[in-house]
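Data first, discussion second: the structure below is written as structure tokens.
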Amino acid sequence: MVAALLVGILSAGAQKKGPVRKRPARRAVVQDKRVYLVHADVLHFDQYKNPDATILNGKVHFTHVGARLYCDSAYFYEASNSFEAFGHVKMYQGDTLSLFSDYAYYDGNEQMARARYNVVLKNRKTTLYTDSLDFDRLYDNAYFFEGGKMVDGNTTLTSDWGEYNTKTKMSVFNYDVKMKSPKFYLTTDTLYYDNARSLAHIVGPSHITSGNSHIYSELGYYDTKKEQAQLMDRTVMDNQGKTLVGDSVWYDSKQGFSQAFRNVIFVDSVNKNKMTGNYGEYWENTGYALCTDSAVAIDYSQGDSLFMHADTFKVVTFNIETDSVYRKIHAYHKVRAYRTDVQGVCDSLVYNSLDSCMTMYRDPIVWNKNQQLVGEQIQVFMKDSVIDRAHVIGQAFSIQQLQSDTSCYNQISSKEMFAFFENGDIREAQAKDNVLIGYYFEEGDTVPIIYNYQETTELKMFLKDRKLQSVWTPKTSGTMYPLNQIPAQKKQLPGFMWFSDIRPKNRWDIFEWRGKKAGSEIKPQPRRQAPVQSLPQPKITPQELEPAAEEPESEPQEKVTE
């Protein structure tokens, strides 16, 4: 019965429903934007001097929307929610932002502080100095317009006008912008600076000086901490007479490393040469340089420029920053060179400034007017940027095409050849070992009349104004042939080949590689070395290796006396 009563009571309670109470809607929090006066030693009014203001003196303290403001004296305009502060004005916002000045006007409705005279704005490690600053608390922007200086760690920026956002740490500087650090100095008219990342964004004509390096750029970024720059729009870099230009440039000041991309030009005004290509790099500390992708080296030290193309050019500097500094220039592969008076082709080339020697490797060919020179290697020695002597090593072959009859050739072949020059003109030529000579005598230097074939061990020719004066040879064997009786096997010496189709025709033809036809390449001949003489070792039996037995000492004989 008790259970039935409980069920009834519960059923009745479940059926009877009371009024449903709704949760009151949350009221929107309205921020209090009134400026509050917290403290002042003296408060008074002056109806005649400033009837709208409450005049405050001595340790004045205001608060407004999380900001604390202090000064020596103030005019408080309660109706307009603003005040003027005088003497030792200080404003603090949170734990990281502070503003100091001699005078300030603060508008509480717009949350704008206009600070004047000896203004200092501090935001963590960044400090801004100026005489006129407007600080917009709503957007965290500080504006200066009568010259300012920002100090960010070791970096100092100055300009006539600027803007700094205390929240994003982004700055904008305009008009006579100067940026200084212990390692570089930058001048420009417009600069964006990210204080958080110490990153400068260049958007106008700018000059960057770092040590001996000078950079001109109109667009790019410079990381002041890492001392790295990424620059665009035909940036120009100068370093002690060496200039690097490219559509875009990467520069690392700490490592002294620079890279240039697209339409690269590297100029060495001291040595009067330059390199062009689509990629280049340079190391200031080691003097190493590289250029590739449509690379061209141009030498203009002799007036008439020499143009040389290869897949890659590399410059290596030795003993840098010493009196014994010298460089090696490597060109590889498919080297083609053109100058109006001389042309050349080879697979690779090395120039050493220590002995002013240029060495051409692997099927080198050199042309000068109507003359062609080939060999396994060709060395050219320079003196004061003018050719001094040349050395052809291995299977040397000199061919001169006659102007009067282009089907006739003067030829000399030997194991090696030497040429000596004076004021750029050849004065003596030598051929040594297995010398073969095929030479035409001309009547009046116009018509060939006889062909001279000779074999000898050495040949010396002396010239003046490129004309043969005298010839010296030791004992020779040869024959003089009329033109209609020259044997076919002697008209052209063994290995004869005229490579006119390979010869560069102009400065633009250096880009089109035309190698020798199959079978016409020079096969290097290994040089013979003197055999090392050795005496045959005598054969030693095992018994001979055993130590010999010592003989016993003989007893002394007695001396017999008579």
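Consider the range 234-276 and keep the residues that are part of a strand (DSSP E or B) and at positive phi. The one that is most open to solvent (accessible area, probe 1.4 Å) is Arg262.
For the range 300-314, what are the residues that are outside any loop (DSSP other than H, G, I, E, B) and surrounded by 20 or more Cβ atoms within 10 Å (Cβ to Cβ)?
In the first step, residues of the range 300-314 are kept if they are outside any loop (DSSP other than H, G, I, E, B); the result is 306-309, 312-314.
Once the filter is applied, which keeps residues that are outside any loop (DSSP other than H, G, I, E, B) and surrounded by 20 or more Cβ atoms within 10 Å (Cβ to Cβ), the range 300-314 yields Leu306, Phe307, Met308, His309, Phe313.
State whether one or more residues within the range 333-352 are among the hydroxyl-bearing types (Ser, Thr, Tyr), at pLDDT 90 or above and in contact with an Asp or Glu (Cβ under 8 Å, 6 or more places away or on another chain). Among the residues of the range 333-352, at least one is among the hydroxyl-bearing types (Ser, Thr, Tyr), at pLDDT 90 or above and in contact with an Asp or Glu (Cβ under 8 Å, 6 or more places away or on another chain), which makes the answer yes. Is at least one residue of the range 383-400 open to solvent by 50 Å² or more (accessible area, probe 1.4 Å), touching a residue at least 40 places away in the same chain (Cβ under 8 Å) and acidic (Asp, Glu)? Checked the range 383-400: no residue is open to solvent by 50 Å² or more (accessible area, probe 1.4 Å), touching a residue at least 40 places away in the same chain (Cβ under 8 Å) and acidic (Asp, Glu).
Residues in the range 317-327 that are open to solvent by 40 Å² or more (accessible area, probe 1.4 Å) and in a strand (DSSP E or B): 3 in all. In the range 466-494, the residue that is least open to solvent (accessible area, probe 1.4 Å) out of those that are within 24 Å of Asn368 (Cα to Cα), in contact (Cβ under 8 Å) with a residue 12 or more places away in the chain and among the charged types (D, E, K, R) is Lys491.
Just give me the residues in the range 146-159 being in a loop (DSSP other than H, G, I, E, B) and farther than 12 Å from Val119 by Cα, in sequence order. Write out each step before concluding.
First, the residues of the range 146-159 that are in a loop (DSSP other than H, G, I, E, B): 146-147, 153-154.
Selection gives Gly153, Asn154.
Just give me the residues in the range 405-420 being open to solvent by 20 Å² or more (accessible area, probe 1.4 Å), touching a residue at least 12 places away in the same chain (Cβ under 8 Å), farther than 14 Å from Val392 by Cβ and out of contact with any Gly (no Cβ under 9 Å at 6 or more places or on another chain), in sequence order. Matches in the range 405-420: Asp405 only.
Let me confirm something: among Gly478, Gly424, which residue is over 27 Å from Cys346 (Cα atoms), among the small types (Gly, Ala, Ser) and modelled with pLDDT under 90?
Working: Gly424 fails: over 27 Å from Cys346 (Cα atoms).
Exactly one of Gly478, Gly424 is over 27 Å from Cys346 (Cα atoms), among the small types (Gly, Ala, Ser) and modelled with pLDDT under 90, namely Gly478.
The single residue among Tyr164, Tyr192, Tyr185 that is open to solvent by less than 10 Å² (accessible area, probe 1.4 Å) and hydroxyl-bearing (Ser, Thr, Tyr) turns out to be Tyr164. Could you give every pair whose Cβ atoms fall below 7 Å, whose first residue belongs to the range 501-520 and is open to solvent by 90 Å² or more (accessible area, probe 1.4 Å), and whose second residue is modelled with pLDDT under 95 and part of a loop (DSSP other than H, G, I, E, B), counting only separations of at least 6 or pairs across chains? Qualifying pairs under 7 Å: none.
The values are calculated or read from the model by the stated rules, or taken from the named source; none is laboratory data. No experiment lies behind these values; they were computed from the predicted model shown. Every residue, glycine among them, receives a Cβ derived from its backbone with ideal geometry; neighbour counts consider all protein chains shown. Just so you know, the surface numbers come from the protein's heavy atoms only, side chains and all, with ligands and any DNA or RNA stripped out. Shrake-Rupley method; radii C 1.70, N 1.55, O 1.52, S 1.80 Å.
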